[in-house]
1. Is chain B best put as rounded, prolate or oblate by its Cα gyration tensor, with a ≥ b ≥ c the root eigenvalues, rounded for a/c under 1.5, and otherwise prolate when a/b is larger than b/c, oblate when not?
2. Can you pull the Kirkwood radius for chain A, inverse mean 1/r over Cα pairs, to one decimal in Å?
3. In nm, to one decimal, how far is the B:R131 label point from the B:F371 one, both placed 7 Å along Cα→Cβ?
4. Compute the Kirkwood hydrodynamic radius of the protein assembly as shown, taking the inverse of the mean of 1/r over all pairs of distinct Cα atoms, and give it in Å to one decimal.
5. Among the lysines, select those whose C-alpha is under 20 Å from the C-alpha of B:K351, and discard any that sit fewer than 8 residues away in the same chain.
6. Nearest 0.05, what FRET efficiency do A:T187 and C:L83 give at R0 = 56 Å with Cβ-Cβ as r?
7. May I ask you to work out the translational diffusion coefficient for segment B:362-451 at 4 °C, viscosity 1.567 mPa s, via Stokes-Einstein with Rh from the Kirkwood sum over Cα pairs, reported in whole µm²/s?
8. Would you please name the trypsin sites (Lys or Arg not before Pro) within segment B:232-292 that are DSSP coil residues with at most 15 other C-beta atoms within 10 Å of their C-beta?
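Where a number appears in this text, it was derived from the coordinates with a stated rule and is not lab data. The model shown is predicted, which means the values in this text are computed figures rather than measured ones. We place every Cβ from the backbone using ideal geometry, glycine too, and count neighbours over all the protein chains shown.
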Amino acid sequence: MQNNTRHFAAIGVLVVIFTFVVFWILDAVLKFPLAASTQAGPIDSLIQGHLWIIAFLFSLVVVIAIYSLFLFRRREGDTEEGQYIHGNTTLEILWTALPMVVVIAFGYWSTVVLVDITQRPDNEIIVNAEGYQWGWNFSLPNSDAVTQELVLPVDTPIRMDLTSKDVLHNFWVPEFRVKQDIVPGRTTYLRFTPTIEGEYRLICSELCGLNHTGMIAPVRVVSQDEFAAFWNQDVQTASSK
Amino acid sequence: MSLFSLGLVRAIVGQILGMLTGMATTMLIRVMLGLPAWAAEPSWTVGAIFSIIGALWAVGALSDWAKWMKGEETPMHHGPPEGKPAWTRYFGVDYNHKVIGVQYTVWGIFLLLVGGTMALIFRTELAESGRQFLSLELYNNFIGMHGFIMIFAILLGIGGMANYLVPLMLGAEDMAFPRLNALGFWFNVPGSLLLLSSLFIGGWDAGWTAYPPLSARGPIGYQLFFLGVFAVGLSSIVGSLNLLVTILQMRPKGMSLFKMPIFCWAVFATSLIQLTATQLIGLSFLMVSTQRALGMGFFDPGLPGATLMTGLGDPILFQHLFWFYSHPAVYIFILPGLGIISELLPVFSRKPLFGYKWIALSSLAIAIVGFLVWGHHMFVSGYAPVLRYAFMYSSLLVAVPTGVKFFSWLGTLWGGKLTFETPMLFVLGAISVFLIGGLSGPILGTVPSDLPLHDTYFVVGHFHATMFGGFVFPFFAALYFWFPKVTGRMYNETLGKIHFAIMTPAFWVQTLGQMGVGVMGMRRRIADYDPTLGGGSIEAWQLSITIAGFLIGFGVLLMLWNFFQSAEVGVLAGDNPWRSRSPEWQIPSPIPEHSFASPMVVHGEPYDYGLPEPYVAFAAAGDD
Amino acid sequence: MSVATLGHQADHGHADGHDDSQAAYLERTRRNRLGMWLFFASEAFIFIGLLAARFYLWVDEGGQMMRPELDQVVGLIVTVVLLLSSYFMNRAEVSIANNNRRDFLWSLVITAILGTIFLVGVIIFEWGMLPFIFEGHLKPSDGVFGAVVFGMTGMHALHVLSGIVLIGNVWWLGRKGHFSAERHWGVEATAIYWHYVDLVWIFFYPALYLIGHAYGVGH
Ligand code: HEM
Ligand SMILES: [Cu+2]
Ligand SMILES: [Cu+2]
C-alpha cells in the first residue's frame, strides 16, 4: 500500500509516453483524404482533438491494466486473497464528474464548429443535384441544362439543393468532408466552399440498391471564369443535342 | 425412436406445412373475392405468419395453453421425456431453465457460424479490389443477412446466459413462467428459419437497417425477413418479461437488489430495454410490410404535388421508429456482456468488485440514457437541424456511465491476486476491445466529426469493436467459465489459450483496419472500392482484414472442438473449480434436475473474497 | 401473443407443480399480475409509436395539424359502446369475487356483445369493408390518412378481437364451473386486459376524430 505513490508516478509517466505513441499511431493509420473545402479545416481540428483524447484515455486504461497484470499477478505458492477493497466514493465521483466535463467541452466545441460550417453566407450560389438509381443529374436553378458532371467554382460558397427520383441517396465528396442524405419527397441542403481546383469524385453514401457501389459522378472544381464559361457554352451545346 | 419424436424436426415440418396452409388460405380467399389465385406478396406473407404458428404448434410449445383454454390441468413434468433418451430433451419443448439456457446458447452459436460464414464469403470478395465472384445482388443480400443473423445470434446468446444463470444466481427453482420461457425460445426457431429462407425467394437488399423506400420496393424476401424479425422480437419481449418478474419477485430472503450478483443487474437493465423498445422495430417493419402488401403509404411521399389523401408519407419517420429500438438494442447486446466482465473479474482477482453500486447503477443509467440518443444515427438524414444538437449532447452523455465501468474494473484489478485462466484472458481481451469500440463512439457522436465518417467503414469498425468487446469476448469468457458447471468437466486450457492468442490480435487488426479504410473514404456496403484510396495503401489493409477474419473464424472452430472433446474426455472439474462465491458454484456439477436441494439463505455479500463469511448457504435438509 | 398465456397461467398453471395451497396460489398470482403489467408497459410502446406516427404525418404543407373527415356519428357510437363494455367487464369481475356466478356469466356475455358491436362498427362503417352495406370514405392506400387510420384502428381492432376471444373462453370455462371467489385470476387478467384496450381507445379516439383541422373543410 505505501508503495502506491511510487506506482502512480510510474503509471503517470507511462501514460504520458503512451499517449504520444498512440496518437502517433492513430495519425499514421487514419489517413484522411485531402482537405479541399473551408468546412474541412474546423472539422479536421475537431477530429484531431478527439484523437488526442482517445489516445490519452486508451493509454490511461491500458497502462493501468497492464501495470496491474504484472504487479498483482499471483506468485507461485501464494494462497492469499486480494486486498479487501470495496470501492471508493471519492474516486467514483471523480471519474463520473471529470468525463462529464470533458464531454460537455467537446459538445460545446462541436456546437461552435457546426454553427460555423452550416451558416449561410451572403454570396452563395445554388446548384441542384438529383440522385437516381444509379446516377446523378446536375443543373442550375434557372436553366434547363442538365449535366452528368458536377462542375463547381473555386472559393465560392455553394448550396447544393438535393432531390431524389426514387430512394434514399447521399451526397458526399470525401475531400469536402460534409455529407447529406437525399430523401425522396423533400429537398435537403448541403453547404460547402471548395478551396482547391482539381478533380474529385461524388459518391453516394446511402445504400440505394443493386449498383450503389457504382453510383459515382465526376466532380471538377474550376476557376470562377471557367465555371461561368462551362455553364454558358459547353452545357448549352451539350444539352441542345 | 422415430425422427418425429424430435421436437426440432416436428417444428420444421410444422413450419413448412404452416407455410403451405397459409398460402392455400390466401389463394382460397382471393378466389372467393374474384381475384387471380396467385399473388406472391400476400401469399408469402400470410404463409409466413402461418408458418410461425405451425412450427410452435407442431413442436408442442402451445399445447399447455391450449389445455388451459379447455380447462384441463397441466401438471409440470420434470426430467427428460419418458421413453426417450435423455439427450432428446434438448431438441424439444422442455420447461427446465437450464435446458432452455443450453438451447438458446447452442442455437445462438449455430447462427453465429452461419452469419460468420457469410461474412467470410464477402470478406473474400473484398480482399482485393475489383469484383471477383459475388454478384452485386448476392453481395447486398449477404451484408444485410450477415447483420441480422448476427443480431439474432447475439440475442440468443444473451438469452442463453440469462436463462441459465439468473435463476441459479437467485437461488430460484426456475424462472417465474417456465412455459412462457419455453415458448420464448421456440419463437426463435421459425424466426431464424424464415430469415434464412428469405434468401431463396429473392432475398432483401437494403442492409440490416432496411430503410424504405428501398425496402418497400425490393424483392419478396423482405416479407419473410420482417416476419422472422417479428418472431424473434416476440421472443425478446416474453423472455425479458419473464426475467424481470424472476428478478423482482423470486429473490430469496435477505437478497436485496443491491446484494444480487452483478450479472442480474445487467440482465435487469437489458430486459427493461428489450421489453419496451423491441415493439418499435416490430412496428416499423410491420408498417413497411403493410406498405408493400396493402399500399399503406406511411413512408411513401407519393408523386409531386401529393396531398394527405394521396401521399406525403415520410421515409425519415421510419428511421426514427427504427432507431428508437435499434440504438437501445446495441445496449441490449452489450450490457449482459459487461455484466459478465464485472462478474468474472473478482473471481480471478480474488477481491471484491470495485464500486458494486456504481456499476449496477451505471447499467441502469446506460439503459435509460440509451433511449434518448437514437437520433445520432440520423445526423445527416435531413431531419430538423436543431435535433442534431440535442442528440449530440445526449449521445455524449452515454460515454460517462460507460467510463465508470472501465474505471471500476481497473479498481478491481488493482491490489488483486490475478491468475490468467482462459475466461480471465477473454475478459481482459473484452476490456481491450470494448475500449476501442467505446472510444470510437464520441467521435461519431459529435456532428461535425460524424459528417466525414457516417456511412463509412469507420462506423463498421466502431460497432464491430463494441459488439465483440461487449458481447463476443465476454460470451466466450462465459462459455469457458461455466463449461465445467454445465458439463461437470474441464475444457482444455492450452487450446483455450491458443484460441485467445489467435483471436484477440486478429480482432484488433480487423477493427483498426476497418476504421482505417473508412477514414480513407471507403463507404460501407459496397462490393468494390477504389484501389487508389489512402495513397494506394487500402488494398494491403483489406487483405489484412480478410486474413484476420479467417483467423477469428478458425479460433471459434477451435473453441467448439475443444468443447466437444472436453465434454467427453475432460478431467472432472469438481463443484467449484474457480473457488467462486456465487450460488451456482455451491451446488453439484453438472447441476441436478432440481438445482437446489434445500432453500438458499443469504449471509454476506456476493464478492467479499477474503472474508470467511460465505455469500449464501443452504438450510440443512428438513430444516425447511 | 402472450396475453392468453399470462391470462390463464395461474388458474391452472402450477409454476412448481406440487403446491396447491391458497398461499402458493396467491404467490403465483402476484407474479402473474406483475407479468401482466409489464406486458402492458411493452404494448404501450406499439400504441405510442402509432400515435407518434399520426402526429408526425398528419401535418399539411403549411405545418397545420390535420385530420381526415371520418364519420363522427360512427366514431362517437363505437366509443360509447366500448366504454360501456368496460363497465360490464368490471361487473363480471365483481360478481365472481362475490360468488355470484349468474351475474358473472351474464356480464361477460354483454361485454362480448358490446365488443363485437364495436368491431362491427369499425369494420363495416369505418373501414367500409362490406361496400354493399356501407360505402367507406377511406381506403388503406389513401395517402397518409388511409395508412394511419387503418394502421391505428387495425392494431386496436386486433386487440379487441383477442379480448373477445379471451372473454368467450372465460365465459365457457365459467359455465363449466371454473373460477371461484378465491381463485379467479383468469377473470381478473381478462378484465384488466379489456380495460387496457379500452384505455388505448381513449387516446386513439381524439387523435383520429377530434384533433386538427378536418381535411377539405375550409380548404
Ligand atoms: C461511447 C458511447 C457511444 C457513442 C457516443 C456512440 C455513437 C455512435 C454514433 C454516433 C453512431 C452513428 C455513426 C454513423 O452512422 O454515422 C454509432 C453507430 C453504431 N454504434 Fe455506437 N456509440 C457508442 C457506443 C456504442 C456501443 C456500446 C455499441 C454497442 C454495441 C454501439 C453500437 C453501434 C452500432 C451497431 C452502430 C452502427 C449502426 C449502423 O448504422 O448499422 N455503439 N455509434
Ligand atoms: Cu447509393
Ligand atoms: Cu446508437
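1. It comes out oblate by the Cα gyration axes.
2. 22.2 Å
3. 4.5 nm
4. Kirkwood hydrodynamic radius for the protein assembly as shown: 31.2 Å.
5. Correct list for B:K351: B:K259, B:K405, B:K417.
6. 0.75
7. My calculation gives 87 µm²/s for D.
8. Filter output for segment B:232-292: B:K253.
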